[in-house]
Amino acid sequence: MTNYDLSLKVFDFLNQAQVQSVVVCAGARNAPLVMALKEQNFKIYSFFEERSASFFALGLMKSESKPVAIMTTSGTAVAELLPAAIEATYQGLPLILVTADRPKSYRGTGSPQTIEQLGLFLNYVEATHDLDVFSEQFQFEWSFKKPIHLNVCFDEPLIDQHSTGNTPKVQLKKKSLQNEVKGSARTAKKPLVILGGLDKSDVNSVIKFIQDTGAPVYAESLSQLGHSEKLAAYLVNSSDVLVKKLFQNKLCDSVIRIGSVPTLRFWRDLESEFSHTPVTHFSNLAFSGLARDATMYPINALNEILIETEKDYLSPIKKLDQALQNKKLALLAKYPNSEPSLVACFSEVIANEPIYLGNSLPIRHWDQFSLQASKEVYANRGANGIEGQVSTYLGWSEAHAKSFCLIGDLTALYDLASLGLSPQLKSAKRRVVIINNFGGQIFSRIFKNDLFLNAHQTQFKSWAAMWNWDYSLVKSKADFAQMKSDHMVVEIQPDEQQTKNFWDEWDDICRKA
C-alpha cells in the first residue's frame, strides 16, 4: 500500500461518516492527504493556524449537523487541536482529528517535527487509530458523540501513486451509547426547572413538559426559551440571584435540570450550601455537572416520567420575579450607557436575529439583560473556555444569511487570527460585537484583586482593518445605527462609572429581595 492508497482510506472513512467539509492546515507531512484531497468532493476550507481552524470546525458542525474533519501536519500542530477536542467532548460533537505523523520508527528519537502523538488527546477522543501503509485492517467503531483521532504515518517519498494490489476495505460501524442512569428520581413537590442548552428538536417536548408540570422555570439563553411566549406564565428570569433565594426561603425544594450543564452561579451552590437538594437531570449528554451521584435521563424520556407538584406554589415566585424585573428595567433606564444597559439595547436592535455568545460575562449578560428573543442562540459551553470563540462563530455563521457574535475583549484577543478565515465563507452579514471594558471585569466583583483583570488599553479598530472588516464604536444606544456593513467589528465601550453604579445598586436590590 502506498501513501496515496492510505490517503484514500482516510477519505473513505470520512465519506462513510457523511462528512461534507474538511478544514485543512497544510504542511509537508500531510502533503499526501492534501494532494489527494483535490480529487474528493468535500467542501474544503484551509487555514494556517490549527487552533483557530479546529474551533472553526466546531462551528461548522453546528452549521451542517454533520461531522467535520480537521487535518494537520505532524508535531506541535497536532497539540493545537487539544482545546477544540476538549470542547467537542463536552458538547458531544463528532470532530474528526486527522493528523499526519512521521514513520513509527521515529518515535522517541526527538527528530524534527516528531512528538508522541498517540495518546495526546487522552480522554478527549473516543479512540485513536494509528495507521500506516503496513496496516492490515481499517475497521472502525464510533458513537459520533465524541471526537475520534486518525493518526496517519507517512514515509518519504511523500507523494506517490496508487498501488496495483488489493488493499483492505474501510468499515465504519456506529456504536450505540446510552445515558447511564444512577440512583433514582428524587424530585420533591416544589421543583424549579433549570433549562440549559437545548437542540431545536427537543424544544417542543420541553415546552409540553413544563406546561404539564406547572413548575417555575429559569431558562438560560441557550435553551432558546428565555423569551418564549408559551412559557411566559412559568419563567422566572429576572436574576440568577433570585434562584438561590427561592431555595433559601424554601419556595422551591428540588431541581429538574433539562439540557446542557447550566451556566448560572446557583449550579455551583448545589455542591455546597444546597448539597442535599435533589436534582434530576434530563440531558442527551452524560455529564451532570455536579460532583455527586446523579439521576440521568435522556430528554426524550421527559414525558414518560410523572412528576407531581404542589398546587399554587408558582404564584408567589412569579410575584417576586416580576418585582425584581421591574426594578431591573428601571435601573437599565437610569444608567443607559452602562454595560448591562448597552447589552439590553443591543438585544432590541438585533431582535430575532441569530447570535453567538462568548463565554465569561457576555453569556451571563445575555441571560440577565436581553430584552428580545433571538431566532437562535449558540455558544461553546462544553469546557467554557474563551479560546476559539470568533473562529467557532464564523463556522456556525455559515448557516445564516445574517448573524451576530457577542464577546468580551480578552476573548477577542485570544483569537486574533480568526478573521483571516472570512474570505472563504459564504456571502452573508456578520457582525463581531466586542464588549471592551479593558480587562476581565468578571473578576472585579469576585476577587477584588487587579491581577485577575489582565487590564489593557487595546482597542479593536486596527484589528478590523488588518482583515479588511469595517469598524464601528458604540458608546450609546444611538451608535448602534452605524452597524450596517456586511462584515463589521463593533466595539462597545461602556461608561465605567455608570456600570459601577448599576452593579452597586442591582446587587443591593438583589440582596434585599
**Request:** Name every residue in the range 496-513 that is of a type outside the set (S, T, N, Q) and either under 26 Å from the mean Cα position of the chain (by Cα) or under 18 Å from Pro362 (Cβ atoms) (or both), in order of residue number.
**Result:** Glu496, Phe502, Trp503, Trp506
**Message:** Looking at Lys43, Lys38 in this structure, which one is assigned by TED's automatic domain parsing to the domain that holds Lys146, touching a strand residue (DSSP E or B) at 6+ places or on another chain (Cβ under 6 Å) and free of Cβ contacts under 8 Å to residues at least 60 places away in the same chain?
**Reply:** Lys43
**Asked** Could we say that Gln139 is surrounded by fewer than 18 Cβ atoms within 10 Å (Cβ to Cβ), of a type outside the set (A, V, I, L, M) and either under 27 Å from the mean Cα position of the chain (by Cα) or assigned to a loop (DSSP other than H, G, I, E, B) (or both) here?
**Response** no
**Prompt:** Got a sec? Which of Ser7, Ser54 is under 21 Å from the mean Cα position of the chain (by Cα), among the polar types (S, T, N, Q) and at pLDDT 95 or above?
**Reply:** Ser54
**Number of positions in the range 376-407 that are within 29 Å of Lys146 (Cβ to Cβ) and either in the same structural domain as Asp199 (by TED's automatic domain parsing) or more than 15 Å from the chain's Cα centre (by Cα) (or both)** = 4
**Message:** So, in the range 309-354, exactly how many residues are within 25 Å of Leu406 (Cα to Cα), part of a helix (DSSP H, G or I) and of a type in the set (Ser, Thr, Tyr)?
**Reply:** 2
**Hits in the range 274-297 (condition: free of Cβ contacts under 8 Å to residues at least 60 places away in the same chain and of a type in the set (S, T, N, Q))** = Ser275, Thr277, Ser288
**Request:** Sort through Ser272, Ser238, Ser315 and tell me the only one that's small (Gly, Ala, Ser) and closer than 22 Å to Val203 by Cα.
**Result:** Ser238
**Request:** Would you mind stating whether Leu97 is in contact with a His (Cβ under 7 Å, 6 or more places away or on another chain), in the same structural domain as Thr73 (by TED's automatic domain parsing) and either surrounded by 17 or more Cβ atoms within 10 Å (Cβ to Cβ) or modelled with pLDDT of 95 or more (or both)?
**Result:** yes
**Message:** Can you say whether Ala28 is more than 29 Å from Leu198 (Cβ to Cβ), among the small types (Gly, Ala, Ser), over 19 Å from the mean Cα position of the chain (by Cα) and assigned to a helix (DSSP H, G or I), as far as the supplied structure shows?
**Reply:** no
**Asked** Which of (1) touching a helix residue (DSSP H, G or I) at 6+ places or on another chain (Cβ under 6 Å); (2) crowded, with 19+ Cβ neighbours inside 10 Å; (3) not assigned by TED's automatic domain parsing to the domain that holds Leu406 does Ser341 not meet, given it meets every other one?
**Response** (3)
**Request:** Mind listing just one residue for me: the one in the range 189-211 that is among the small types (Gly, Ala, Ser) and either outside the structural domain of Leu285 (by TED's automatic domain parsing) or part of a helix (DSSP H, G or I) (or both) and, of those, modelled with the highest pLDDT?
**Result:** Ser205
**Message:** Condition first: surrounded by 22 or more Cβ atoms within 10 Å (Cβ to Cβ) and either in a loop (DSSP other than H, G, I, E, B) or free of Cβ contacts under 8 Å to residues at least 24 places away in the same chain (or both). Now tell me which residues in the range 361-373 satisfy that.
**Reply:** Ser370
**Item:** Candidate set: the range 475-513, residues that are acidic (Asp, Glu) and in a loop (DSSP other than H, G, I, E, B); chosen: the one farthest from Gly439 (Cα to Cα)
**Value:** Asp486
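The values are calculated or read from the model by the stated rules, or taken from the named source; none is laboratory data. Model, not experiment: these values are computed from the prediction. Cβ sites come from the backbone with ideal geometry, for glycine too, and all protein chains shown count toward neighbours.
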